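What follows is a set of notes on a single structure, which appears directly below.
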Amino acid sequence: MNLANRLTLLRVALIPVFLAVLYIGFPYSNYVAILIFILAAITDFADGYIARSRGQVTDFGKLMDPLADKMLVLSAMIWLVQQGTLPAWAALIVIFREFLITSVRMIAKGKGRVISAGLSGKIKTVVAMVLLPIMFLPLLPWMIYSCVGAIVITTVWSGVDYIIKNKDVLDWKK
């Protein structure tokens, strides 16, 4: 298994550690969880860079990398919903977008086409991975609303952008 794939697996392995730290709850556990989340997010950027620069793009990486991203982001979001920091409707928008885009990718694959992540999707991921750990800090309400707004706006924008750019996949006549 190459280094990029190992980093993806590390990200997946860090998710239960991240959640365990939050659920166990000890002094400064939010700060430890933030560090774990940041480490996991760094593996996302590192594995992509390594895979492309070394020509180590694999089917495993194509499948697991976006899945690991979704698992990390949604784990943090669900925790924040449980804590009352993130409104459930915001998490549902992100979940809906992820299911929608995954469905379009599956339809495309069935038609022999692979759709890679676009710039808007990458921006959405960066915004979420930067703002979610910030939301674990004690923030003023307007700061939380700003984080939620940025996450929701980039999520909706990237979803609409993705559908528009790949609308031919959804042509049911073909």
Single residue of L7, L80, L74 found to be of a type in the set (A, V, I, L, M, F, W, C), out of contact with any His (no Cβ under 7 Å at 6 or more places or on another chain), more than 23 Å from T155 (Cα to Cα) and modelled with pLDDT of 95 or more:
L7
Within region 72-95, the count of residues that are under 13 Å from the mean Cα position of the chain (by Cα) and not β-branched (V, I, T) comes to 6
Here is a check on your reading of the model: is A91 aliphatic (A, V, I, L, M), touching a residue at least 12 places away in the same chain (Cβ under 8 Å) and over 29 Å from V160 (Cβ atoms)?
no
The residue that is modelled with the lowest pLDDT, considering only those in region 51-71 that are of a type in the set (A, V, I, L, M) and more than 27 Å from V21 (Cβ to Cβ), is L63
Would region 34-48 turn up any residue that is surrounded by fewer than 19 Cβ atoms within 10 Å (Cβ to Cβ) and not in a helix (DSSP H, G or I)?
no
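The values are calculated or read from the model by the stated rules, or taken from the named source; none is laboratory data. All values derive from a computational prediction rather than experimental measurement. With ideal geometry, Cβ positions are generated from the backbone for all residues, glycine too; neighbour counts draw on all protein chains shown.
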